[in-house]
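The values are calculated or read from the model by the stated rules, or taken from the named source; none is laboratory data. These numbers come from a predicted model, not from an experiment. Because the Cβ atoms are built from the backbone with ideal geometry, glycine has one as well, and the counts that use them run over all protein chains shown. Surface areas here come from the heavy atoms of the whole protein model, side chains and all, with no ligands, DNA or RNA. Shrake-Rupley method; radii C 1.70, N 1.55, O 1.52, S 1.80 Å.
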Amino acid sequence: MATQTIDSLGDIAGKRVLIRVDFNVPLKDGQVSDDSRINAALPTLNALIERGARLVLMSHLGRPKGQPNPEFTLAPVAAALAEKLCRPVAFAEDCIGPKAESAVAALKDGDVLLLENVRYHAGEEKNDPAFAAELAKLGDLYVNDAFGAAHRAHASTEGVAKLLSPAVSGYLIAKELTFLGDKTSNPDRPFVVILGGAKVSDKITVIDALLEKADTILIGGAMAYTFRLAQGGKVGDSLAEPDKAETALSALKKAKEKGVEFLLPEDNLVCNKLDFKAGTLGDTKVVEGDIEDGWEGVDIGPKTIERYRSVIGSARTVLWNGPMGIFEIADSSKGTFAVAEAVAESDCMSIIGGGDSVKAINKSGYSDKVSFMSTGGGASLEFLEGKELPGVVALDQV
Ligand code: ADP
Ligand code: MG
């Protein structure tokens, strides 16, 4: 699938461009504490400013549940954005109605306005046509660059796209689709997929879709223990889903049929007293094979690390979703950071998807050594599952 992008828009000087961005950023003490989502929107915003458009930005932040709530105001984001764009950013205290309309009317060419949180209105998440029509009043045309929200059919992502024309994507969405889509559909081979994280149930559709494309799949994280159980092994107190054993077995069968190499950890770091809050594990040891009761797998072991490292080293394309262990705790972060290092050092095209995986890469210090980090947690997973994203489908297609 290829959407039209802002490059396909003709002369837009003086036009009001209604832009959906993903400014759902973490706030701490009323300040933006991680600005990566703001940075990700800048190429599109700067291009539109340069072309003399009048920019009207909308986003959600958190879950205010359809009501105004100062805890979720986008006002601090307007300030942070102004600094990055090196120009003033006006802020409207509502995203529809007289306050929004008069703020839009005051815009001059190249000016930027940020509207208050669209989720202050229940119509946003309900994709209410009347609310979408109120939003649509504020623009002559529509740009969606909120990849992180594209998997939701909401008024500001899907509803308004149907009411304004042209309706195109910004550079961020275009880039996400290229890396998560084209580059994993026609990958340079060997194509190695690394999957980890907490649950098989969260990722099984992703595994299924990627079994069609990958040469090798490396499994880590708690997910590995469900596979091990399914194969008749013992996993002690590890986080595993016995009721997903069938699902795991059918994935293993499919891998065999497709000739996909499917690797599970041969050794694991186990502990006997995990306290996530305190960040402690109690006693730890490395075990091969079965895990006894009273012990819990928290990371891949050293043999597995070496094996995965060598597979990653000879890959041409790597897609990574899901940490190899409880990377939030230092003593069980080795596997995840070793894999991050291997991906960074490998001569491959590397794509990282998933919220916690991106956090892990950032924490590892290797983020500037990977080819692409997706900004959409849930959206990237759904896209990798092969689902159509409503916010993307609603845009003009090439
Ligand atoms: P992503 O957000 O990248 O898609 P997930 O949300 O699926 O990743 O999984 C991330 C979580 O999985 C992390 O919080 C991590 O602590 C947890 N996890 C990884 N390995 C284990 C394990 N062995 N036991 C329990 N939790 C684990
Ligand atoms: Mg996650």
Exercise. Of all the accessible heavy-atom surface of the range 191-308, with the other protein chains kept in place and a 1.4 Å probe, what percent is carbon and sulfur?
Worked result: 48 percent
For this session: Evaluate the relative contact order of the chain (contact order divided by residue number), counting alpha-carbon pairs under 8 angstrom at least 6 apart; express in whole percent.
Result: 17 percent
Exercise. Share of the range 68-120's accessible area from carbon and sulfur, percent, 1.4 Å?
Worked result: 56 percent
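Please grab the % of Cα pairs in the chain that end up more than 26 Å from each other.
56 percent
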Problem set entry | Under-5 Å amide H pairs with Ile194, H placed in peptide plane, nonlocal only | Leu218, Leu319, Trp320, Asn321
Problem set entry | Charge context of Leu48, other residues only, Cβ under 15 angstrom, K/R +1, D/E -1 | +1
Problem set entry | Shape call, the range 6-172: gyration tensor on alpha carbons, a/c limit 1.5 | rounded
Problem set entry | Candidate aspartates and glutamates for bridging to Lys234, where Cα separation is under 20 Å - those fewer than 8 sequence places away on the same chain excluded | Asp243, Glu246, Glu266, Asp267, Asp283, Glu288, Asp290, Glu292, Asp293, Glu296, Asp299
Exercise. Treating the beta-carbon of each Lys and Arg as +1 and of each Asp and Glu as -1, no other charges, what is the dipole magnitude of the chain about its Cα centre, to the nearest 20 debye?
Worked result: 500 debye
Exercise. Per-residue HN-Hα couplings for the range 81-89, Karplus 6.51 cos²θ - 1.76 cosθ + 1.60 at θ = phi - 60°, whole Hz, x for Gly and Pro?
Worked result: 5, 4, 4, 6, 8, 6, 7, x, 10
For this session: Could you go through the range 391-397 in sequence order and give the Karplus-derived ³J(HN,Hα) for each residue, using 6.51 cos²θ - 1.76 cosθ + 1.60 with θ = phi - 60°, rounded to whole Hz, and x for Gly and Pro?
Result: x, 8, 4, 6, 7, 5, 9
Exercise. With r defined as the distance between the Cβ atoms of Glu288 and Gln397 and R0 fixed at 51 Å, what FRET efficiency is calculated, to the nearest 0.05?
Worked result: 0.50
Exercise. Taking trypsin sites (Lys or Arg not before Pro) that fall in a DSSP loop and have at most 11 other Cβ atoms within 10 Å as cut points, what is the longest piece of the chain between them?
Worked result: 109-276
For this session: Could you please report the charge total around Thr184, scoring K, R as +1 and D, E as -1 over all other residues with beta-carbon less than 11 angstrom from its beta-carbon?
Result: -1
Problem set entry | Cβ-based charge dipole, the range 179-385, positive-most Cα from Leu381, Pro187, Gly221 | Pro187
Exercise. What Rg and what Dmax come out for the range 163-303 when only alpha-carbon atoms are used, in angstroms?
Worked result: 18.4, 61
Problem set entry | Cα-based reach from Lys363 at 25 Å (exclusive), listing lysines while leaving out same-chain residues under 8 positions away | Lys28, Lys84, Lys175, Lys199, Lys203, Lys273, Lys277, Lys285, Lys303, Lys334
Seminar exercise, completed: Once amide hydrogens are built 1.01 Å from N within the peptide plane, the residues lying 5 or more places from Leu27 or on another chain with amide H under 5 Å from its amide H are Ser33
Problem set entry | Rounded, prolate or oblate (a/c below 1.5 giving rounded, otherwise prolate when a/b exceeds b/c) for the range 84-176 by Cα gyration tensor | oblate
Exercise. Of Val358, Gln231, Gly197, which is farthest along the charge dipole of the range 179-385 in the positive direction, counting Lys and Arg as +1 and Asp and Glu as -1 at C-beta?
Worked result: Val358
Exercise. Can you tell me the accessible area per residue over the chain, all protein chains present, probe 1.4 angstrom, in square angstrom?
Worked result: 42 Å²
Problem set entry | GluC sites (Glu not before Pro) lying in DSSP loop within the range 264-321, provided at most 16 other Cβ fall within 10 Å | Glu266, Glu292
For this session: Return one number: the angle in degrees, 0 to 90 and rounded to the nearest 10, between the long axis of the Cα atoms of helix 245-258 and the longest principal axis of the Cα atoms of the chain.
Result: 90 degrees
Exercise. Of the beta bridges DSSP finds with both residues in the chain, what % are antiparallel, to the nearest 5?
Worked result: 25 percent
Seminar exercise, completed: With Glu385 itself left out, Lys, Arg at +1 and Asp, Glu at -1 over residues whose Cβ is under 14 Å from its Cβ give -2
Seminar exercise, completed: With 0.36 nm assigned to each residue of separation and the Cα-Cα distance removed, Ala330 to Ala122 gains 70.7 nm
